[in-house]
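The structure appears below as structure tokens.
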Amino acid sequence: MKQRYLVIDVALCHDCNNCFIACKDEHVMNNWPPYTEAQPRHGHRWMNIQRKERGQYPRIDVAYLPMPCQHCENAPCIAAHPDCISRRDDGIVLIDIEKAKGKKELVDSCPFGAIYWNEDAGVAQKCTMCAHLLDNGWEIPRCAHSCPTGAIQFYTLEPSEMEKKVADEKLERYLPGYNADAHVYYKNLFRYEKLFIAGGVIRDNECLEDAEVTLTGEEVKASQKTNYFGDFKFDNLEPGEYSIAVNGDEVKRVYLDTSLNVGTISV
Ligand code: SF4
Ligand code: SF4
Ligand code: SF4
């Protein structure tokens, strides 16, 4: 049977929060039984945009990771509370608003932190993938509908079609170590999870354009030309030791455990 999936491109998210607000607009002060109670005005982040700054001034960047409930096929929340949480045939995971009443412990059953406690209603809540809309003719949820950059895409596909898409587009799951088999996939996740080495090359106090910079690590050997400002940046790196060479001569050795601006290199 066709399944529901979200694909979120980290490189296209600029933290405008339209998706977050659209989720609030849809769910705050709106009860959608039997899907969910109304979302409280404050405290819940069903679309939780996480932020990470990398590097050191002036070579920094910021990545945003919009994170709703991952609608896991192998959901830890369902394993812990099969009486209260279930997965529909189309892959959407929902909390039963009646059976989950008063059970604050549901919040701790999600390793992604996607379940929130509604103190007033006395119920645990999370992203429903806007199932109430999808079941009434909407083709995409509110967050995907409101994203101006197209960072959030929604698909209804056979699992085999999705498998092909994942392979073709090199999609990844967030925190795969939980083995939750999420139905939310990410593009360009390295922008949030991996490291970079950046720097600048000068000669005679002038930016050196088109210098050949080579980075060598245990599992990486990559080269690039410096840009107009003499800058270079190698991204999607694992922690470890790296050597940097400019025009064939080693100029630096670094140990990378956080994204690094190596500064200005004079050659
Ligand atoms: S609406 Fe799109 S661009 Fe804006 S924060 Fe959400 S995912 Fe990012
Ligand atoms: S992200 Fe959390 S709440 Fe959502 S299905 Fe997975 S374990 Fe359950
Ligand atoms: S799918 Fe619907 S409920 Fe889930 S985060 Fe998006 S707008 Fe909110």
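The values are calculated or read from the model by the stated rules, or taken from the named source; none is laboratory data. These figures come from a predicted structure and were not determined experimentally. Note that each Cβ is placed from the backbone with ideal geometry, even for glycine, and that neighbours are counted across all protein chains shown.
So which residues in segment 158-205 are farther than 17 Å from ILE8 by Cβ, touching a residue at least 12 places away in the same chain (Cβ under 8 Å) and charged (D, E, K, R), if there are any at all? Hits for segment 158-205 are GLU158, ARG203. Listed by position, the strands (runs of 3 or more DSSP E) inside segment 87-203 whose residues that are away from ligand 2 (no atom under 13 Å from the Cβ) and under 19 Å from TYR64 (Cα atoms) number at least 1 are 152-157, 184-187, 195-203. Among residues that are more than 30 Å from PHE234 (Cβ to Cβ), free of Cβ contacts under 8 Å to residues at least 40 places away in the same chain and crowded, with 20+ Cβ neighbours inside 10 Å, HIS81 is included. Being more than 16 Å from ligand 1 (Cβ to nearest atom) and closer than 20 Å to ASP25 by Cβ: is that true of GLY137 here? Answer is yes for this residue. The residue of segment 212-261 that is farthest from ILE202 (Cα to Cα), among those that are surrounded by fewer than 18 Cβ atoms within 10 Å (Cβ to Cβ), at pLDDT 95 or above and β-branched (Val, Ile, Thr), is THR258. Checking each residue in segment 50-72 for being surrounded by fewer than 16 Cβ atoms within 10 Å (Cβ to Cβ) and either within 16 Å of ligand 2 (Cβ to nearest atom) or assigned to a strand (DSSP E or B) (or both) picks out GLN50, ARG51, LYS52, GLU53, GLN56, ILE60, ASP61, VAL62.
Determine, yes or no, whether ASP25 is of a type in the set (Asp, Glu) and either closer than 15 Å to CYS127 by Cα or touching a Ser or Thr at 6+ places or on another chain (Cβ under 6 Å) (or both). Here the answer is yes, as ASP25 does meet what is asked.
Within the option set TYR57, TYR64, TYR35, being within 16 Å of ligand 1 (Cβ to nearest atom) and among the hydroxyl-bearing types (Ser, Thr, Tyr) holds for one residue only, TYR64. Consider ASP9 carefully, then state whether it is within 16 Å of ligand 2 (Cβ to nearest atom), crowded, with 16+ Cβ neighbours inside 10 Å, among the acidic types (Asp, Glu) and within 30 Å of GLU161 (Cβ to Cβ). It is false that ASP9 is within 16 Å of ligand 2 (Cβ to nearest atom), crowded, with 16+ Cβ neighbours inside 10 Å, among the acidic types (Asp, Glu) and within 30 Å of GLU161 (Cβ to Cβ). Quick check on segment 35-58: of everything there that is out of contact with any strand residue (DSSP E or B) (no Cβ under 7 Å at 6 or more places or on another chain) and more than 15 Å from ligand 3 (Cβ to nearest atom), which residue is nearest to GLY200 (Cα to Cα)? Once the filter is applied, the top-ranked residue is PRO58.
Within segment 73-86, the only residue that satisfies the criterion of being assigned to a strand (DSSP E or B) and of a type outside the set (Ser, Thr, Tyr) is ILE85.
Applying the criterion of being surrounded by 20 or more Cβ atoms within 10 Å (Cβ to Cβ) and under 23 Å from ARG173 (Cα atoms) to the residues of segment 19-43, the residue that is nearest to ligand 2 (Cβ to nearest atom) is CYS23. Considering the conditions (1) under 17 Å from GLY43 (Cα atoms); (2) within 24 Å of the chain's Cα centre (by Cα), ASN118 is excluded by exactly one of them, (2). Of all residues in segment 60-74, exactly one satisfies the criterion of being within 15 Å of ligand 3 (Cβ to nearest atom) and in contact with a Ser or Thr (Cβ under 9 Å, 6 or more places away or on another chain), namely CYS69. Please tell me if VAL262 is among the β-branched types (Val, Ile, Thr) and touching a residue at least 24 places away in the same chain (Cβ under 8 Å). The answer is yes for VAL262.
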